[in-house]
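All remarks here apply to the structure that follows.
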Amino acid sequence: MIKHIVLFKVKDKNKIEKAKELILNLKNEIKEIIGIEVFSDIGYDESASDFGLITTLKNKNDLDIYAKHPKHLEVINFIKTIATQRRTIDYQI
């Protein structure tokens, strides 16, 4: 299994809920997604990311399919309009 984690800082926090909705809908669009969780920061640390996601996939091949999927690319295009920073890590469990 692969865990794909992405953290974002955004310039417009009012659009986080829209981003979260789009991300969660990917589970309905991309069959390779085993699980997806999207979350917002609680505001404890000013240097923290604003929101993030954890996606679970079976293997690197499924991660590659997910990364290149047209619906995923649509979500990325929206997030690019609000994000000022993106950090990611992928690891095997």
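Quick one: in segment 30-44, which of the residues that are within 13 Å of A67 (Cα to Cα) and within 14 Å of the chain's Cα centre (by Cα) is surrounded by the fewest Cβ atoms within 10 Å (Cβ to Cβ)?
Of all residues in segment 30-44, those within 13 Å of A67 (Cα to Cα) come to 30-33.
From what is left, the residues that are within 14 Å of the chain's Cα centre (by Cα) are 30, 33.
Values: I30: 18, I33: 20.
In this case the residue turns out to be I30.
Among the strands (runs of 3 or more DSSP E) confined wholly to segment 19-92, which include 1 or more residues that are without any contact (Cβ under 8 Å) to a residue 60 or more places away in the chain?
Working: elements: 33-40, 51-57, 83-92.
Output list reads 33-40, 51-57.
Select from segment 45-82 the residues that are in contact with a Phe, Trp or Tyr (Cβ under 9 Å, 6 or more places away or on another chain) and under 13 Å from H4 (Cα atoms) and list them in ascending order.
Filtering segment 45-82 down to residues in contact with a Phe, Trp or Tyr (Cβ under 9 Å, 6 or more places away or on another chain) leaves 49-55, 57, 72, 79, 82.
G52, L53, I54, T55, L57 - these are the residues of segment 45-82 that are in contact with a Phe, Trp or Tyr (Cβ under 9 Å, 6 or more places away or on another chain) and under 13 Å from H4 (Cα atoms).
Checking D50 against (1) surrounded by 14 or more Cβ atoms within 10 Å (Cβ to Cβ); (2) more than 11 Å from the chain's Cα centre (by Cα); (3) under 21 Å from Y91 (Cβ atoms): exactly one of these is not met. Which one?
(3)
Which residues, taken from segment 61-80, are over 14 Å from the mean Cα position of the chain (by Cα) and surrounded by 12 or more Cβ atoms within 10 Å (Cβ to Cβ)? Explain how you work it out, then say what you get.
First, the residues of segment 61-80 that are over 14 Å from the mean Cα position of the chain (by Cα): 61-62, 64-65, 70.
Residues satisfying the conditions are D62, D64, I65.
Listed here are the residues, each with its yes/no results for (1) small (G, A, S); (2) modelled with pLDDT of 95 or more; (3) in contact with a helix residue (DSSP H, G or I) (Cβ under 6 Å, 6 or more places away or on another chain); (4) more than 14 Å from I89 (Cα to Cα).
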{"position": "V6", "(1), (2), (3), (4)": "no, yes, no, no"}
{"position": "K20", "(1), (2), (3), (4)": "no, yes, no, yes"}
{"position": "N25", "(1), (2), (3), (4)": "no, yes, no, yes"}
{"position": "N28", "(1), (2), (3), (4)": "no, yes, no, yes"}
{"position": "E32", "(1), (2), (3), (4)": "no, yes, yes, yes"}
{"position": "E37", "(1), (2), (3), (4)": "no, yes, no, yes"}
{"position": "I42", "(1), (2), (3), (4)": "no, yes, no, yes"}
{"position": "I54", "(1), (2), (3), (4)": "no, yes, no, no"}
{"position": "N61", "(1), (2), (3), (4)": "no, yes, no, yes"}
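The values are calculated or read from the model by the stated rules, or taken from the named source; none is laboratory data. Every value quoted in this text rests on a predicted model; they were computed, and no experiment measured them. No Cβ is skipped: glycine too gets one built from the backbone with ideal geometry, and neighbour counts run over all protein chains shown.
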